[in-house]
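Q: Provided herewith is a single structure, encoded as structure tokens, for subsequent inquiry.
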Amino acid sequence: MGLVLVLLLGGVAWAGGVALTGGVASGVPGCSPGCECDADSALCRTGGPAAPRPLPPRLAALSLIGWRVPVLSEGAFADTPDLQLLGGRGVSPLSPHCPPSLITGGRLGTIGDGAFAGLVLLEYLFLEDNDIGSIVPSALRGLRGLRHLSLANNRLETLPRGLFQGLETLTQLDLRGNPFVCDCRLRWLVTWLGGAAPPPSEAGRCRGPPQHQGTPLAQLQPRDFQCMASELRPFQSLPFSSLAAEPFGQGGQVGVALAQPFAGACALLEWDQLGGRFRAPTVVNGSSPVACHPLQLGGTFLLVVAQLAGGSSVWRRAGGPGSPFVLLQTLGTGRLRRPHAVASARLGGQWYLGVADSSKGGTSTVFRWGGRGFYPHQALRPWHRDTHLEFLELGGRPAMVVCSGGRRPLVYRWSGGSFAPHTDIPHVPDVYAAKHFRLRGHVFLCLTRFLGDAKVMRWEGSMFREVQQVPARGSMVFQPLTLANQRYVILGNDFAPTRLFRLGERGPLEAAQELLLPTPRAFVPVTVGHRHFLVAASFRGATQIYRHVTVDLGD
Ligand SMILES: *[C@@H]1O[C@H](CO)[C@@H](O)[C@H](O)[C@H]1NC(C)=O
């Protein structure tokens, strides 16, 4: 047994029995006041932040008691390069030849980068009962000869990945008595402990999270950790604002039709294979389109352009992807004064188009495809100032929800070739839009409200009932969607960050992410090969595209 450097940090709980044999309080040259030294070992009570200096330069064992430093940083032991034992507890690991040692009762806070750098002879490092709250990944670098490490009884909730890298000589590890939170950050340790040749270890138990509370770390498997998480990352910003955004697919190509009221254009967002980005060429010039609704009728690609001024119209693509659009018809002469939203559905083998009109004198209208154009089929109640119209199925029958400023949303059901009012949605007089999704056989509606809370409703057979509400003052869009096979609901907001919710197994929304996005109005998922994107229309800002990525939180 060679010289032993003991670094004992702490001291309050330092039980007797430390026998720095032949300790001499003074008289050994280079022994700092407050220390007992002999030629190769020292026991110091410091009580303060400063390490005792000087110390015998050939020191092999050092115990520091009551040392209080917020961060133990590089160079802390530069004066004692021969240390072999630093700290310890209870019975000496070096017994019987070496002095028992104890690092206890001190306050070390954080073990910083290279705190023990230069101690290439150090074999025993005991940092116990030292109130250590965190350790940086490179804290133990340079300890090439370390055999026994104890970090027992500290405040460590986690250990950084890579902490034991390079400690090839480690033969004993003690981590007991720490309040470990066994989440993804500790998955590496569980992997390491179960690996090829980990040293005999006392790894302690999990203090949290609830599902692992009290479980010994040694009993956990890497697969016990749920570490895969998804997030949206900014991918591309398009230099124009947009209002409505709707998905289309033509000839194997997918994209998004964007209405740009300020630019007076309908654009089709498409993936540019060569550039690896999206582009959005204008396909129809107009005056102020509020909706550019794409519709695939058999082999024909139609674009319904609803405009605040200059009349609404239907355009047809002349050929395949990339070909121009030609005017097919004007729409709803006289009926549509201030169209606000467009929807389409196939009912009983026929195609129908619904246009919500928000002017006082205008009338929301359902049109039917007649082979060469859309013809008025049913006028909804006039004077309702409708803002949104949604086709869906309720109880296996076609239905329609129409939202109007200042009134309750009206639920219509398909009956005898037209829509008949069925019920309204109670307690919500000011719904701007209602968008539905299906989950495990149930139909849900997301109600967008600008002043009140956004609401999620569920169809109960004859009416919608509220299942959840989300504070949403200033919201113009509350939209369910599926992105990368995951279900989300996005709550846009004009005055606060946009909030992305994951749709939980049981239905309620779980907050997933916040996005900074000015005046969002619509969201559309787009899949290109294996990549998943979310397009976000912004009324006053730039149209944004996010990429949906999956990250491993355990890495
Ligand atoms: C739209 O108008 C712009 C500017 O006048 C013009 O360059 C462009 O070719 C037009 N696009 C279409 C599809 O008509």
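The values are calculated or read from the model by the stated rules, or taken from the named source; none is laboratory data. Note that the structure is predicted; figures quoted are calculated from it, not measured. For neighbour counting, all protein chains shown are included, and Cβ atoms are generated from backbone atoms with ideal geometry for every residue, glycine included.
Q: Out of the residues in region 334-360 meeting the condition of being closer than 20 Å to R381 by Cβ and more than 42 Å from the chain's Cα centre (by Cα), tell me which one is nearest to the ligand (Cβ to nearest atom).
A: L336
Q: Residue by residue through region 454-471, note down the ones that are within 24 Å of the chain's Cα centre (by Cα) and without any contact (Cβ under 8 Å) to a residue 24 or more places away in the chain.
A: Across region 454-471, the qualifying residues are Q469, P471.
Q: Here's a follow-up. Within region 305-333, which residues are more than 16 Å from the ligand (Cβ to nearest atom), buried (at least 22 other Cβ atoms within 10 Å of the Cβ) and outside any loop (DSSP other than H, G, I, E, B)?
A: Answer for region 305-333, where residues must be more than 16 Å from the ligand (Cβ to nearest atom), buried (at least 22 other Cβ atoms within 10 Å of the Cβ) and outside any loop (DSSP other than H, G, I, E, B): A306, S312, L331.
Q: Which residue, of A496, A522, is of a type in the set (G, A, S), closer than 19 Å to L445 by Cβ and touching a residue at least 12 places away in the same chain (Cβ under 8 Å)?
A: Going through A496, A522 in turn, the sole match is A522.
Q: Shifting gears a bit: Could you list, in sequence order, all residues of region 384-426 that are within 27 Å of Q307 (Cα to Cα) and not in a strand (DSSP E or B)?
A: H384, R385, G405, G406, R407, R408, P409
Q: Among the listed residues G105, G118, G112, G90, identify the single one that is of a type outside the set (D, E), modelled with pLDDT of 90 or more and more than 17 Å from S41 (Cβ to Cβ).
A: G112
Q: So, one more: (1) over 30 Å from R223 (Cβ atoms); (2) at pLDDT 95 or above: which one isn't true of L451, the others all being true?
A: (2)
Q: Among all residue pairs at least 6 apart or on different chains, which show Cβ distances below 8 Å where the first residue, located in region 122-145, is closer than 18 Å to A60 by Cα and buried (at least 18 other Cβ atoms within 10 Å of the Cβ) and the second is among the charged types (D, E, K, R) and modelled with pLDDT under 90?
A: As it stands, the answer is F126/R89, since those pairs meet every condition given.
Table: residues versus (1) farther than 24 Å from W369 by Cβ; (2) buried (at least 20 other Cβ atoms within 10 Å of the Cβ); (3) free of Cβ contacts under 8 Å to residues at least 40 places away in the same chain.
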site: R408; (1), (2), (3): yes, no, yes
site: Y412; (1), (2), (3): no, yes, yes
site: A420; (1), (2), (3): no, no, yes
site: P426; (1), (2), (3): yes, no, yes
site: P429; (1), (2), (3): yes, no, yes
site: Y432; (1), (2), (3): yes, yes, no
site: R438; (1), (2), (3): yes, no, yes
site: F444; (1), (2), (3): yes, yes, no
site: G452; (1), (2), (3): yes, no, yes
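Q: For R521, work out the one condition from (1) out of contact with any Pro (no Cβ under 9 Å at 6 or more places or on another chain); (2) assigned to a loop (DSSP other than H, G, I, E, B); (3) buried (at least 20 other Cβ atoms within 10 Å of the Cβ) it doesn't fulfil.
A: Status for R521: all satisfied but (2).
Q: Determine whether G441 is of a type outside the set (S, T, N, Q) and over 33 Å from the mean Cα position of the chain (by Cα).
A: No; evaluated as a whole, the condition is false for this residue.
Q: In addition: May I ask you to list the residues in region 60-73 that are under 17 Å from G142 (Cβ atoms) and either surrounded by 18 or more Cβ atoms within 10 Å (Cβ to Cβ) or more than 42 Å from the chain's Cα centre (by Cα) (or both)?
A: L62, L72
Q: Within region 217-231, restricting attention to residues that are more than 30 Å from T482 (Cβ to Cβ) and surrounded by fewer than 14 Cβ atoms within 10 Å (Cβ to Cβ), which residue is farthest from the chain's Cα centre (by Cα)?
A: Per the stated criteria, the residue is Q219.
Q: Related question: Among all residue pairs at least 6 apart or on different chains, which show Cβ distances below 9 Å where the first residue, located in region 319-330, is at positive phi and the second is acidic (D, E)?
A: Note: pairs meeting the criteria are G322/E270.
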